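> My structure is below; once you've seen it, I'll send some questions.
Quick note: the coordinates plus some simple rules give every number you see, no bench work behind them. Because the structure is predicted, anything quoted here is derived from the model rather than measured. FYI the Cβ positions are ideal-geometry reconstructions off the backbone, even for glycines, and counts take in every protein chain you see.
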Amino acid sequence: MPIKKPIRPDSWRKRSSIMESQVELFCLLIDDLEESFSHPSNGPISEHPAYQRFLLGAYALGFVCEDLSHDGRYLSRAKREGWIESRSFLELRRYIHTLVRAERATSEVIDEGLGHIEDALRSRVLQRVGRALRSNSEWREVTPHITSTPQETPPFAGTLPDAHETYLGSVDVVEQLVREFLYDVSMASDVDTITAAVNRFATIFCGLNPEYQPVPGWNERLQLGVVMAARLGVDINQDWESVMRTGLVGFALEIKHIIEQHADSPDEDWEWKIDGLIEFWTSLLVGTVDITHPEAEDV
């Protein structure tokens, strides 16, 4: 058995809890970087100590996560008026993750003034990120002085509290199931194996597998099924399991299409598509899709 060491590698995950002091320190790093960048006499941005502190801080403070792949589209979208201010905490985390990973990937041209971080400073996107992190009170957990009722936990404290590790109202439980389905489909070499995965997970998400605890009033045809019909175009005039199976077949086809389309491409060219599917299906199945993925959103 390996001996645990007092210092370990960074291993943040996209739903890891972040303390308020970490957020404030990260915002201070943005302030310092802006101040340093405002003095041209300091030379190329890559030579600024504040730049090195910002990069290291993004990893140390939980804004670069091992289970996030970068989405290059965020770098251009962030410049749109109001885009940063309307993002969820997870989306801002993904933007910072993308910015830092893209910066490291193009480090050889930073000295020529082409770095992504410099661009984010010039366009004042990073400054807007700092203001959003500081000002959004809805992301902060307020600990009541006296309470006997479980409180819903905002993004700064991670995911919703799990009543049970098999509870289908838990974001963590559902996301893990979605990832398992994706893995089973991606590894399948024949239709029968995919069909078996679809049937297994349809039974779970319909609330018919006794090993998993459904959400009362949600894992039903006239609740979750209606949302699936609206979002996926599934025929609601089927039995509940058929509705779910139809939706999952579409999910499986998307997975296979992405894998086949990018068979010879580097991972960074398509991982963001898989992450997007995972996030969409997780939010769909737990009932938060209208918040996390508004239908009018440009995805």
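> In sequence order, what are the phi-derived ³J(HN,Hα) couplings for segment 227-238 according to the Karplus relation 6.51 cos²θ - 1.76 cosθ + 1.60 with θ = phi - 60°, rounded to whole Hz, with x for glycine and proline?
Whole-Hz 3J(HN,Hα) from phi for segment 227-238: 5, 5, 5, 5, 8, 10, x, 6, 6, 6, 7, 10.
> Right, another one. When you take every Cα atom in segment 20-139, what is the radius of gyration, and what is Dmax, the widest Cα pair distance, in Å?
Calculated on Cα positions, Rg and Dmax stand at 13.4, 40 Å.
> Here is a further query. Taking 7 Å along the Cα-to-C-beta vector as the label spot, tell me the residue 104-residue 261 distance in nanometres, rounded to one decimal.
A separation of 2.7 nm, rounded to one decimal place.
> Filter the GluC sites (Glu not before Pro) in segment 23-129 to those in DSSP coil with at most 13 other Cβ atoms within 10 Å of their Cβ, and list the result.
Sites meeting the loop and neighbour criteria: 66, 81.
> Could I ask something else about it? At a Förster distance of 41 Å, what's the computed FRET efficiency of residue 191 paired with residue 291, Cβ-Cβ distance as r, to 0.05?
Calculated value: 0.70.
> Taking only C-alpha pairs under 8 Å that are 6+ residues apart, what is the relative contact order of segment 160-292 in percent?
28
> If amide H atoms are built 1.01 Å from N in the plane of the peptide, which residues on other chains or at least 5 residues away come under 5 Å of the amide H of residue 167?
Here the answer is 213, since their amide H atoms fall under 5 Å of that of residue 167.
> Along its three principal axes, how long is segment 160-292 when you only count alpha carbons? Whole Å, largest extent first please.
Projected onto the principal axes, the Cα atoms of segment 160-292 cover 44, 32, 27 Å.
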